[in-house]
Every structure is written in structure tokens, then in C-alpha cells.
Amino acid sequence: MDKANVNELLEAQAHVWNHIFSFINSMSLKCAVDLGIPDIIHNHGQPLTLTELLAALPTLNPTKARNIYRLMRILVHSGFFAQQKLSHGDGVQEDGYVLTNASRLLLMDNPLSVTPFLKVMLDPILTKPWDFLGIWFQNNDRTPFGTAHGKAFWDYAGHNPKLDNFFNEGMASDARLVSSVLIDKCKGSFEGLDWLVDVGGGTGTLGKAIADAFPHLECTVFDLPHVVAGLQDNGNLKYVGGDMFECVPVADAVLLKWILHDRNDDECLKILKRCKEAISNQHKGAMIKKGRERREEEWAKLFFAAGFSNYKITPILGLRSLIEVFP
């Protein structure tokens, strides 16, 4: 081979290797969270040396201490930690670890912490289906989760309280982050509403944020009976159990966050029709916060098939948008 071909081969191999081992990034991050490293650095109040970090990990097996440096090196490379030079009185300099904007979102006392979301998404129960993706493309199962676990996710979670709670905590942490941006950037979408229903609203994190921000607005969190069981109404926030495929409580507007993204078109159409029925005697519409990874034309087809007349898309955070759908 000539030099140009060798360079192309090396670049191609590097590209393949990068994707083969990309899981190391997410699993290393999960490891750091499990060990509490972001909070250890934060609580130290200044750049933390490797020696100080090791001393702050009392449960660490001493024979594996040398591997913490390797863990931190990849997380520095990934942008979750940074290094700063520390000067000692004798003129010796040493590297100390500090947080980045990304790792601050992993702190336990951060009200916008994404740690619960990280933990549920990287739990073996949810990563295992990816190992069955090739098999799933060749069988009749609806989802890779069903191929891996023998039942649909919601059925599995309904019989596994640990996963159910884990999932609800993860969705709640995401809702806290998104709601802070949604309420700030899209206040106009809530003006003129007297009653809003958050369909599939889980334990009510988003509903509560909206209820607190708009005291005049009556908010109902609507989810499966076992999800809302034991949750107490509070002021203008109420909880109702039921099945969104059968009926949605009447309201001025219906909100769906991450409800349609894991549903096929027939299921989405049925849910949207229930939403249309819920607001048919009112004056506003359904607000849908980014569902399945569909293109705009695919969304539009579903909205019009469900009987809605128009829609509006407003980007709010990263990949997420507020999609307002009107009767």
C-alpha cells in the first residue's frame, strides 16, 4: 500500500474501534456516579488530587486503586472532569480534578440532577435489549425489550416495583430539567387555560412545576392506577388513574411528554383521538413534547388523521421541542 492508502486504512480502523468501544464512555460515567466521585470533588471545594480522591473512597479495594487514574483519565477525555495545576509551597505542581458543567448535572443536591435518568437508562434491564437488536429485526416481537425479557416494558415494570420506581425517578429528573426551560420559554402556551391534563405524567413532577408556576391553572396528572396510587392532591394539582387508550379526562389542553415516542402509529392515533375527544368541547388543544423520533411530516400525518386542524413546533431544549396541536 502507498502512504495515502495506509492512512485511509488507519482512519477507517480508528472509526470502527471508536464505535466498538464507545460503550466504555457511558459505563465509565455510570461507574463514577456509583462511586460518588462528582459529589466528592464538589464537596472538597477546590481541585482534588488523585491521592485525595483515593482517600475519599473508603470502600475502594486497595488492590484496584491504581485503576481510578485510568477511570478519571477517560472521564477527563470525555469532558466530565477537567484538570487544574495545583502549586505546593515547595514549588512542586500537581494536577487536581474539578467539575465541568456536565458533571455538575450529576450532583445529588442539584435540583436539576440527571443522575436518576442516567441510572435507569444504563441499568442492565434497559441495556440488555440492545444486545438483541439483530434478533429482533428477524422475529415478530414488537420491541427488542420484549425479545430480551419476554414481555413488554410496561408489563415488566408493572410487576417489578424496583424498576417501576427507578423508571419514575428517572423520568421525574428529566421532567425537572425540561420543565424549567418549558415554563420559561413557552409561558404563552399556558395563557388562557383553566384546566390542563398531563397524560402519562408519572408521579407528577412536570404537572407540579406547571401548577406552581400558574396558580390559576387546574392541573391533573393522569397515569395508570398503580402509578398514581397513594399520591395526594395538593391545591391546584390532582391525580387521576386510568388508561389513556380508553379515555382522557376533559380539559382545555392535554400535555404528553415522552408518551408517543415508543408507540406505533396506530397506538399514537388512538391516544391522539382520545386527546381530541377530551378537548372537543373546550377552546385550546393538545400540547405534545417530542414523541417518537418522527420527522415533521410524519407528525403532521398523525395529527391530521386524528382530526386536528393545525400544529406549531417550538424547539426548547436540545433534541426536544414543544409541539402544540390545535382542534
Task: Breaking point among (1) buried (at least 22 other Cβ atoms within 10 Å of the Cβ); (2) within 20 Å of ALA157 (Cβ to Cβ), for LEU196 - done: (2)
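Rundown of residues vs (1) buried (at least 18 other Cβ atoms within 10 Å of the Cβ); (2) part of a loop (DSSP other than H, G, I, E, B); (3) not hydroxyl-bearing (Ser, Thr, Tyr), yes/no style:
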| site | (1), (2), (3) |
| --- | --- |
| ASP109 | no, yes, yes |
| LYS119 | no, no, yes |
| ILE125 | yes, no, yes |
| PHE132 | yes, no, yes |
| ASN140 | no, yes, yes |
| GLY146 | yes, no, yes |
| VAL178 | yes, no, yes |
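Listed here are the residues, each with its yes/no results for (1) in a helix (DSSP H, G or I); (2) within 25 Å of ASP123 (Cβ to Cβ).
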{"position": "LEU182", "(1), (2)": "yes, no"}
{"position": "GLY202", "(1), (2)": "no, yes"}
{"position": "PRO215", "(1), (2)": "no, no"}
{"position": "THR220", "(1), (2)": "no, no"}
{"position": "VAL227", "(1), (2)": "yes, yes"}
{"position": "LEU231", "(1), (2)": "no, yes"}
{"position": "CYS247", "(1), (2)": "no, no"}
{"position": "VAL250", "(1), (2)": "no, no"}
Task: Near pairs, Cβ below 8 angstrom, 6+ apart or cross-chain, from the range 36-54 (under 16 Å from LEU75 (Cα atoms) and in contact (Cβ under 8 Å) with a residue 24 or more places away in the chain) to any residue that is crowded, with 16+ Cβ neighbours inside 10 Å and small (Gly, Ala, Ser) - done: PRO38/ALA32; PRO38/SER103; ILE41/SER103; PRO47/GLY96; LEU48/ALA56; LEU48/GLY96; THR49/GLY96
- [ ] Starting from the range 108-128, take each residue that is aromatic (Phe, Trp, Tyr) and list its partners that are in a helix (DSSP H, G or I), counting only C-beta distances under 8 angstrom and pairs at least six apart or across chains.
- [x] PHE117/GLY170; PHE117/MET171; PHE117/SER173; PHE117/ASP174
Task: Failed item, numbered, when ILE279 is tested on (1) buried (at least 19 other Cβ atoms within 10 Å of the Cβ); (2) within 22 Å of ASP194 (Cα to Cα); (3) at pLDDT 90 or above - done: (3)
Task: Conditions (1) charged (D, E, K, R); (2) surrounded by 11 or more Cβ atoms within 10 Å (Cβ to Cβ); (3) under 30 Å from the mean Cα position of the chain (by Cα): number failed by ARG70 - done: (2)
- [ ] Within the range 93-105, count every residue that is within 27 Å of the chain's Cα centre (by Cα), small (Gly, Ala, Ser) and part of a strand (DSSP E or B).
- [x] 0
TODO: May I ask you to list the residues in the range 204-243 that are farther than 21 Å from ALA278 by Cα and among the hydroxyl-bearing types (Ser, Thr, Tyr)?
DONE: THR205
TODO: Give me a count of the residues in the range 150-207 that are of a type in the set (Val, Ile, Thr), modelled with pLDDT under 85 and over 15 Å from the mean Cα position of the chain (by Cα).
DONE: 1
- [ ] Would you confirm whether any residue within the range 76-92 is free of Cβ contacts under 8 Å to residues at least 60 places away in the same chain, within 22 Å of SER22 (Cβ to Cβ), within 25 Å of the chain's Cα centre (by Cα) and assigned to a strand (DSSP E or B)?
- [x] yes
Task: Residue check for ARG104: more than 18 Å from SER22 (Cα to Cα) and of a type in the set (D, E, K, R) - done: yes
TODO: Give the residues of the range 244-281 that are in contact with a Pro (Cβ under 8 Å, 6 or more places away or on another chain) and small (Gly, Ala, Ser), sorted by residue number.
DONE: ALA278, SER280
Task: Filtered residues of the range 304-325 (kept if more than 17 Å from ASP184 (Cα to Cα) and surrounded by 16 or more Cβ atoms within 10 Å (Cβ to Cβ)) - done: ALA306, PHE308, TYR311, VAL325
Task: Only listed residue being among the polar types (S, T, N, Q) and within 19 Å of PRO116 (Cβ to Cβ), chosen from THR205, THR220 - done: THR205
TODO: Could you please find all residues in the range 299-314 being assigned to a strand (DSSP E or B) and polar (S, T, N, Q)?
DONE: ASN310, THR314
Open item on the list: THR51 - would you say it is at pLDDT below 95 and within 30 Å of the chain's Cα centre (by Cα)?
Closed with: no
Task: So GLY158, is it in contact (Cβ under 8 Å) with a residue 60 or more places away in the chain, surrounded by fewer than 16 Cβ atoms within 10 Å (Cβ to Cβ) and within 25 Å of HIS226 (Cβ to Cβ) - done: yes
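The values are calculated or read from the model by the stated rules, or taken from the named source; none is laboratory data. None of the values given here were measured: they were computed from a predicted structure. Here the Cβ is made from the backbone with ideal geometry for all residues, glycine too, and neighbour counts use every protein chain on show.
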